Amino acid sequence: MIMNWSKAPIVRIALLYIIGISIYHFWPNHSIYYFITLTTTFLLFISYGFYLFYTKTIISSTQFLSIAIFISILSLGYFRSYSIDEKNRVDYYENYIDKASYLYGDVINTKSFSQTKTKATVKINKMLIDTQWVNTNGKVLLYLNLPIDSFNRANHSIIFRNSLQSPNEIKFPYEFDYAKYLANLQIYHIGYINDYDFKIIERKSNLLEKFILFRNKLIKLIYEKITDNSSANLISAMLLGYQDVMDADIIKDFQQAGVVHILSISGLHVAIIYGAIYLLFSLIIPLKYKNKITIPLAIITLWLYTLMVGAMPSVVRSAIMLTLLQLGPVINRNVNNYNSLAAAALIILVINPLQLYSLGFQLSFSAVLGIFFFYTPLINIFKTNKKWLKWLIGSLSVTMAAQLGTLPFTLFYFHQFPTYFIIANLIAVPFASLLIYAGFITIIFAFIPVLGGFIAMIFSFLVKIFINFIGIVSNLPYSTIPNIFLTPLSAIMIGIIIILITIKIYFKEIKIFPYLLTAVLLFGITYNFSLIKRIRYNPSFESLNYKYAIIGQKEQEKFNYIVIKPDSLDLPNIQPKIDDFCTYYFCKEKNKYEINEKVKTHSFYVNNPIISNADNVYIIGNKNEINSLTDSLDFKKIIIDKRKLKFQ
């Protein structure tokens, strides 16, 4: 559906506000702040003067007023970004960090780093300078030797010794920029705190934290009543947004199958949950009170659920859009889809402009925008009167539209494309809906001893079928197209190419060939530059010394690698070197295992097919790649087959 600009004023406001946020991101300067303030004030006065004293020249006054309003909205985006940036505050902790011996703050977020370690985001309140506590502000990320369960029962404050350091900058192009990721969360320092250098103190919870504590109790209940870990992990992720203990291999299978969105709470989950809430109230409240009581109660309950899962951008976006769509019939107004989407984005960005750079925000909104924009032309390609075929085409069109909307982002951030995403989503999305309802029923009946256990057993069986199906799809030949490395401009060009083709489908009389050719050429040029940059700075190979080699690739917060050595040699002093890598790359030790004492490995994703050291040359690849090599090559071969290594 092409947007009618006259019926979507909030879209224009949101776009201008986003431009203002972007300007601050690239030029966070006090001078620009004052310049925009003066310019906006001047234009507003001029436009008001035209309107007041020159009513005959109404066109001129309207033009000035429009320009003034546009710049004012743009300025609001800049001002809001400026005001929320903690670095602009006089009491920002970084101003005193060199003088502080201890810091005190509130733990505002925790994530499991391993079975015995926790990552804690701490809001700094005070710093001990000499013998005096000084009030400060800002956030830091701490790595603590405590299991995540230590934080789930209450909210805490922490006192810790100052051992903060800046996150390491990236060494190679296209690897995950952890420092930039943290900066978008306004975190500029991290700390690895020793066991005796911190103390945890319980504190009172605010309203939002009480909701999250209630969620933690529900998670604990799920793991108590559902004994199968895979089932408990999946339902905790899909219903409550808890992914801390999800198996890394399962997440990777979902990524390669193109259905990883199912593991995160999004529009699909919120719509299903709202439907269940609405159905429950409909059974209690008479139908004649639908608009006055049922819908408002269902909306209030939905927002309570949104707060309970931590008010994530995708959930807030879905809740706002559902609220607007449901309130439309109540107030007898039609709701414009683009307006409601823009309103959701505007509300989130007014609260926190930095959400614009959140991957969850970008994927969530681009997926819905893709459905709005691409669904109609896709479904019109194949028209039929058969109901089952209509459903099939509709499902395929929704999946394809969402994928087209998110394609530039997924290629840019994940560097791969899931080949079988249509087939996977066609089965996985209805199955996921079934699992969400089944999960609700399992939790409700969990307190009934015999019946609850039987229902939990059926639910676990369904989860195993679901996970096995995703695993089969992800392990199919060529399930992903890997090693796609784009510059931001390349990703933008892909988006423009898709939009131009869609406009041509909508309006066949429009000539888009010159624009399309320009976009394709620009994409080709920028992509070739990215390839050259990738070849010059290959991040997948590191040499430990003249006898040993390590190969691997960063994958978000984990560095996947294998260390290879000749048969005749031991690995003296190699573990400290691996530990150094893990300190920097945050390796997950639970994936570590040994094969024939030749290879020490974490779950791996091999990028370079050939590595060598002073003693041997190895070819690394999957079975198809190894079999395609000529027999004349006198190389030792390491076959990667279903996450196992075989030597030939």
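The values are calculated or read from the model by the stated rules, or taken from the named source; none is laboratory data. Predicted model only: the values in this text are computed from it and were never measured. Side chains included, ligands, DNA and RNA excluded: accessible areas come from the protein's heavy atoms. Shrake-Rupley method; radii C 1.70, N 1.55, O 1.52, S 1.80 Å.
Would you work out if the stretch 195-291 is rounded, prolate or oblate? Take a ≥ b ≥ c from the square roots of the eigenvalues of the alpha-carbon gyration tensor; rounded if a/c is under 1.5, else prolate when a/b is larger than b/c, oblate otherwise.
oblate
Which value, in Å² and to the nearest 10, is the accessible area of residue 391 when all protein chains are kept and the probe is 1.4 Å?
150
When the C-alpha atoms of the stretch 224-356 are aligned to their principal axes, what extent does each axis show, in angstrom, from largest down?
49, 38, 25
Can you give me the three principal axis dimensions of the stretch 330-436 from its C-alpha atoms, in Å, biggest first?
Dimensions of the stretch 330-436 along the principal axes of its Cα atoms: 46, 45, 30 Å.
Give me the percent relative contact order of the stretch 344-501, please, defined on Cα pairs under 8 angstrom at least 6 residues apart.
Taking the mean separation of contacting Cα pairs over the length of the stretch 344-501, I get 26 percent.
Bin width 10 Å, origin at 0, all Cα-Cα pairs of the stretch 70-198: what percent of pairs per bin?
Computed distribution, short to long bins: 12, 37, 32, 15, 4, 0.
Given the pairs 99/210; 87/111; 252/390; 292/390; 139/252, which span a C-alpha to C-alpha distance of over 27 angstrom in this model?
99/210; 252/390; 292/390; 139/252
Read phi for every residue in the stretch 130-147 and hand back ³J(HN,Hα) as whole Hz from Karplus 6.51 cos²θ - 1.76 cosθ + 1.60, θ = phi - 60°, with x for Gly and Pro.
Computed from phi, the couplings for the stretch 130-147 are 6, 10, 10, 7, 10, 5, 9, 8, x, 10, 9, 10, 10, 9, 10, 7, 9, x Hz.
Amide H neighbours of residue 125 under 5 Å, counting only residues 5+ apart in sequence or on other chains, H built in-plane at 1.01 Å?
Amide H to amide H, under 5 Å and 5 or more residues apart or across chains, residue 125 pairs with 104, 105, 106.
Given 37 °C and 0.692 mPa s, how large is the Stokes-Einstein diffusion coefficient of the stretch 370-424 in µm²/s, with Rh as the Kirkwood radius over Cα pairs?
Using the Kirkwood radius from Cα pairs, D works out to 274 µm²/s.
Give me a comma-separated list of calculated 3J(HN,Hα) values for the stretch 394-403, in order, Karplus coefficients 6.51, -1.76, 1.60 applied at θ = phi - 60°, integers in Hz, x for any Gly or Pro.
x, 5, 5, 5, 4, 4, 5, 5, 5, 5
Where does the stretch 368-499 land on Rg(C-alpha)/(2.2 N^0.38 Å)?
1.34
When the convex hull of the Cα atoms of the stretch 446-505 is projected onto a plane and the area is averaged over all directions, what value comes out in nm²?
8.6
Solvent-accessible area per residue for the stretch 271-359 at a 1.4 Å probe radius, Å²?
That works out to 48 Å² for each residue.
Mind putting together the pair-distance distribution for the stretch 74-124? All Cα pairs, 5 Å bins, whole percent per bin, short to long.
5, 15, 15, 17, 16, 15, 10, 5, 1, 0
Kindly provide the Kirkwood hydrodynamic radius of the stretch 126-171 in Å, to one decimal, from all pairs of distinct alpha carbon atoms.
It is 13.6 Å.
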